[in-house]
Amino acid sequence: MTTAAQLQRSSSASEVPPHADVVVIGAGFGGMSALYRFRQLGLSLFGFEQGTDVGGTWYWNRYPGARCDVESVDYCYSFSRELLGEWQWSERFSTQPEILDYAGYVADRFDLRRDIKFETKVVSSRYDEAANLWTVTTDKGESITCQYLVTTVGCLSVPKDPEFEGLENFKGEWVQTGAWPKQGVDWAGKNVIVVGTGSSAIQTIPEVAKTAGHLSVFQRTANYTVPAYNGPLPDHRREEVFADYPAYLEMLKHTRGGQTFELGTDLSAADFSHEEQRERLEQAWQLGRWNLQSCFRDITINENTNRMVADFFAAKVRETVKDPATAEKLIPSGYPLGTKRLCLDSDYFETFNRDNVDLIDINEEPIVRITESGLQTDKQEYPADLIIFAIGFDAMTGPLVNLGIEGRGGQSLKQAWQDGPECYLGIAAPGFPNLFMVNGPSSVSVLSNMILTLEHHIDWIADCIEAMRGKGRDTIEARDDATHEWAAHTEMVANRTLFPKANSWYMGANVEGKPRMFLAYIGGFDNYVAKFDAVAANDFEGFDLTTSKVEERA
Ligand code: N01
C-alpha cells in the first residue's frame, strides 16, 4: 500500500488560462472526480477552489470528533480499481483527518491539482448567449470563458451565520463547526458552550467534554442518534465488501441509499409479531449504522411504526442517561424519527453523565444575548471562554446561489429560485444552458452515499458531453415542462413520507425566509440512476440539445 506521505504533493495551477472547455467550481470529492473524468474525454479543464487544498466538506469541517457517518469502504471513489487496491482505511468510520489524507492522496495519485487554482473564490458566472460561452470571474479579478460550467460546491457548504445579539462584544473565542479554524482550537480546561445538537454537535460534544473545564450544551431540538460502534470493519462486512470490491461498489449504485444494511427489508412492521419487532429493534441498536431506520420498510411512511421505533429509542436514552430530567430533555419529540438525518455518535448520551457537562433546553430557557464573557439566557449567564456554533447550513441552494450565476437574459439563479429551486433531475435548470450542477437541489445526493452519487452525476455528464459532440450539438438546456414535472414528482414522492413533518434543512426550514419544500429526491438512488439511464437512452429527454449559431457559422 502506498501512503499519502509517500507521494509527493502535486503542484497546483498558478495561472488562469483564458479559456477551457470545462470549468469546474469546487475541489471537494465532486470536483476531483470531475477533473479526473473529463480529462479522459480529452477536454481542456480548469478548476477553482476557495480552500488551500482539495477535500471540500472534509477540508472545512475540522471540528473535534468529525467522522463520516457512512462506512469508509462505501464512502470512497469507485472510479479506479488501482486506487481501491492501494488505499486501506484504518477504521470503520474514518476521521476527518484520514478522509482529508485520502483526498490529498487521490489528488497526488492522479495529478489533479495541476488544473486547480486554490484560494480563489468564484464571484460571478455569466452566460453570453451570442458566444454560447460562460465567463467565470474570481475574487482576484481573473476571468476565464468555458463552454460547460460544472459546479461541485457541495450540498452543505455554506454554514449559517451565528446571528446572536452581542456576539461582536464577546471577549472569548467563537468558532463554527462548518468552518473550523485550520490552525486548531484549544478547549482544554476552558468553559465551553456548544450551540446546536445536530450531527456536527453530536460528534463535537463528546470530544470536547473529555478535556473541557466545563461544557454547556444549548439544545433547541433534541435529535435521534444511534451508536456508531466505530472500530475495525466487522468480519461480515469485510467478506461482503472485499470478495469483489469493484462489483460491490457497482452494486451499491442499485440500492436505495448507496449502502446496504444488515436489517434492510421490504417488510413493514406489521409483517412481524410484537416479539419479532422487539428483537429486530434490539438487533438494530446493536448493529448500529442506519439499521434502526431500515429494519422496517415503513418507518418513515407510517406514523404508528415510527412511534413504536421512537418509543424504543426513548427507552434507550432513559437507560443510558442517569439524570431523569436530562434524559427527558434529550428525547426528541414533535417530529418523526429519521425525518431529520439520523445521527451516528460515539458516547453522545453517555457524555451527559459527566460532572463537567450540562444541558440547557433553550425552549425552557431562551438565549437572550451573548455577553462579553458568556451567554445570557432569560434565567442566568453562562460564562464561556469558547463558544462553538454547530447551527447548520444553508443547504442545497445556498452554495449555488452564492456563485453569482447569471443565465439567459442576465437572469440570476437566485432570482430563478426565489420561490424555491426547480432543478431538472437535480442537475440542470431552464435558462442556464451548459450548466451542470452536481448534486443540485432535487437530486438524491444527501439521502444517499454522497461520493457514489456525485460520481454517478459526473459519469452521466461526461457521457452526455461525448454524445453531444457525436451529434454535432454544443448546447444542452433543461426544458421548462420537464423541470416542472420533476419538481412535482420529487414533491409527490416526499409527500408520501413523513419527512415534510420535520422542520429540517431537507425542508429548507432551518433558514429564515427560505421557501419550505423538500430539497432532495427521496425516491431512492436505484430509481434515480434508472431515470438518468432512461433520459440518456431517450435522446436526453427533457433537455433541448441544439447547435448554437456560433457553431453553425464556424
Ligand atoms: O446541522 P443541523 P449539522 N439557536 O442543521 C440548531 C451533515 N453532517 O451541521 O433542529 C439555537 O443538522 C438546530 O436546532 P433545530 C448531515 O447531513 C454529516 O449538525 O433547527 N440552535 C440543530 O440542533 C447533517 O444532517 C456528518 O431546532 C440553533 C443544530 O443547530 C448535516 O450535515 C457530520 C439555531 C443544527 O443542526 C447538518 O448537520 C456532520 C439557533 N439560532 C454533519 N440555529 C457526518 O457525516 C440552529 N440551531 C457524520
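In this calculation the C-beta distance from residue 88 to residue 463 is compared with R0 = 30 Å, giving a FRET efficiency of 0.45. Assuming a ≥ b ≥ c are the square roots of the Cα gyration tensor eigenvalues, decide whether the stretch 52-99 counts as rounded (a/c under 1.5), prolate (otherwise, with a/b larger than b/c) or oblate. Oblate, since a/c reaches 1.5 and b/c is not below a/b.
Of the DSSP H helices in the chain, those with a Cα length along their own long axis of 24 Å or more and a mean Kyte-Doolittle hydropathy reaching 0.0 comprise 450-471.
The helix-based estimate of mean residue ellipticity at 222 nm for the chain, built from -39,500 (n - 2.57) per DSSP H run of four or more residues and divided by its residue count, is -9500 deg cm²/dmol to the nearest 500. With 23 Å as the limit, the listed pairs 160/531; 253/531; 182/414 have 160/531; 182/414 beyond it between alpha carbons. Listed by chain and number, the aspartates and glutamates placed with their C-alpha closer than 12 angstrom to that of residue 501 are 303; residues fewer than eight positions away on the same chain are left out. Think of each Lys and Arg Cβ as +1 and each Asp and Glu Cβ as -1; about the Cα centre, that makes the dipole of the stretch 269-321 roughly 220 debye. The charge dipole of the chain, taken about the Cα centre with unit charges on the Cβ atoms of Lys, Arg (+1) and Asp, Glu (-1), comes to about 420 debye, rounded to the nearest 20. Each residue of the stretch 74-81 is assigned a 3J(HN,Hα), and the resulting list reads 9, 8, 7, 5, 10, 6, 10, 4 Hz, derived from the Karplus form 6.51 cos²θ - 1.76 cosθ + 1.60 (θ = phi - 60°), x at Gly and Pro. Between residue 545 and residue 415, the C-beta separation translates, for a Förster distance of 22 Å, into a calculated FRET efficiency of about 0.30.
Among the listed pairs 117/471; 210/329; 340/379, a Cα-Cα separation exceeding 26 Å is found for 117/471; 340/379. The charge dipole of the stretch 1-139, taken about its Cα centre with unit charges on the Cβ atoms of Lys, Arg (+1), Asp and Glu (-1) only, comes to about 60 debye.
FRET efficiency for the residue 123 to residue 408 pair, using the beta carbon distance and R₀ = 22 Å, is estimated at 0.65.
Here, each number is a calculation from the coordinates, and none is a lab measurement. In this text, all values refer to a predicted model and were calculated from it rather than measured experimentally. FYI the Cβ positions are ideal-geometry reconstructions off the backbone, even for glycines, and counts take in every protein chain you see.
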